[in-house]
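First comes the structure, then the notes that go with it.
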Amino acid sequence: MSIWQKIFGPPNIEKLEGRRDVSGLVKMLRDPLVGGKAADALARIAASGNGERNVCLAAFEALRNIGDVRALEPLIAASRDSH
């Protein structure tokens, strides 16, 4: 746990997802406490069809590039989307 997390607690993945903060979520992927939640949030962003294609693609690419087995299920779910 980082000093930041000791002081302020774990990052709010839901808030990052709500802001569609792909780069913030990518930073959280390696965190053992919230990495899985961050991957799930990226998958939801990647699979959303709300017209922000560049954000969706960035989330999809982040999942594809992390090389972690935890990203497999979210990546498969995201790949089922039409875009």
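Counted as qualifying within region 25-83 are the helices (runs of 4 or more DSSP H) with 2 or more residues that are at pLDDT below 75, namely 72-79.
Scanning region 17-26 for residues that are closer than 14 Å to Leu57 by Cα and surrounded by fewer than 20 Cβ atoms within 10 Å (Cβ to Cβ) yields Arg20, Asp21, Ser23.
So that you can scan it fast, the table gives a plain yes or no per residue for (1) without any contact (Cβ under 8 Å) to a residue 40 or more places away in the chain; (2) surrounded by fewer than 21 Cβ atoms within 10 Å (Cβ to Cβ); (3) within 19 Å of Arg80 (Cβ to Cβ):
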| position | (1), (2), (3) |
| --- | --- |
| Phe8 | yes, yes, no |
| Lys15 | yes, yes, no |
| Met28 | yes, no, no |
| Asp31 | yes, yes, no |
| Lys37 | yes, yes, no |
| Leu42 | yes, no, yes |
| Ser48 | yes, yes, yes |
| Phe60 | yes, no, yes |
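The values are calculated or read from the model by the stated rules, or taken from the named source; none is laboratory data. Being a predicted model, the structure only gives us computed values, none of them experimental. Quick reminder, even Gly has a Cβ in these numbers, built from the backbone with ideal geometry, and neighbours come from all protein chains shown.
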